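The values are calculated or read from the model by the stated rules, or taken from the named source; none is laboratory data. Every value quoted in this text rests on a predicted model; they were computed, and no experiment measured them. All Cβ positions, even for glycine, are placed from backbone atoms using ideal geometry, and neighbour counts span all protein chains on display. To get the accessible areas, we keep the full protein, side chains included, count just its heavy atoms, and leave off ligands, DNA and RNA. Shrake-Rupley method; radii C 1.70, N 1.55, O 1.52, S 1.80 Å.
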Amino acid sequence: LVDILIQMNLDDQNNEEIQSIIAQCYGLASFICPGTVLPTFENQLSSQDPRQNIMALSGMKGAIGESESVIDDALRTSLIPLAMKKLSDGNVSVRRCATLLLGLASHNKLFLVQDLLPSCIPPLLFQTRPDPSLIRVVNLGPFKHKIDDGLEQRKSAFDCLGILISKCWH
């Protein structure tokens, strides 16, 4: 099952929404067969391939439920710390997935990330600044239009900071 989901998600034919649904199923599979899925998350997070990183980070969002689970300890001790290192990744899509994971974990199960916050806040704050390398100018006849490919990441970082403020400092 896990291998099928991974192959389906890595298929270039799928759009982002389909890949997100597949990753959600992948994460939910961790409740059924944690002995298979959790090591796969770890292998994917150790990969240099951004697509593998994105799938693991997106799948881990599905593995973080609202109620206590048998996989929470594995998430807290090994997988979440490995995933939070991706907040400083060179790929903006990987950073965005790590930011979304941090926000979800902070909202649903703060204890999973609470000890990591001192190391997560600086890269998260860094992501709130516009990155000139992600801004491109498109000529539209006599007009120039700026497209910011980092805008969604900055929005995610601000949303995550908002969640952290509401959960940690209330």
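The set of residues in the stretch 16-44 being touching a helix residue (DSSP H, G or I) at 6+ places or on another chain (Cβ under 6 Å), under 24 Å from Val92 (Cβ atoms) and among the hydrophobic types (A, V, I, L, M, F, W, C) consists of Ile22, Ala23, Phe41.
Scanning the stretch 45-54 for residues that are at pLDDT 90 or above and either open to solvent by less than 10 Å² (accessible area, probe 1.4 Å) or out of contact with any helix residue (DSSP H, G or I) (no Cβ under 6 Å at 6 or more places or on another chain) (or both) yields a total of 6. Scanning the stretch 24-37 for residues being touching a Leu at 6+ places or on another chain (Cβ under 8 Å) and surrounded by 19 or more Cβ atoms within 10 Å (Cβ to Cβ) gives a total of 3. Selection over the stretch 86-141 of residues that are hydroxyl-bearing (Ser, Thr, Tyr) and under 15 Å from the mean Cα position of the chain (by Cα) gives a count of 4.
Report yes if Thr40 is in contact (Cβ under 8 Å) with a residue 24 or more places away in the chain and over 24 Å from Leu151 (Cα atoms), otherwise no. For Thr40, the condition - in contact (Cβ under 8 Å) with a residue 24 or more places away in the chain and over 24 Å from Leu151 (Cα atoms) - is met. Give me the residue from the stretch 26-48 that is among the small types (Gly, Ala, Ser) and more than 17 Å from Lys85 (Cα to Cα) and, out of that set, farthest from the chain's Cα centre (by Cα). Only one residue fits best here, namely Gly35.
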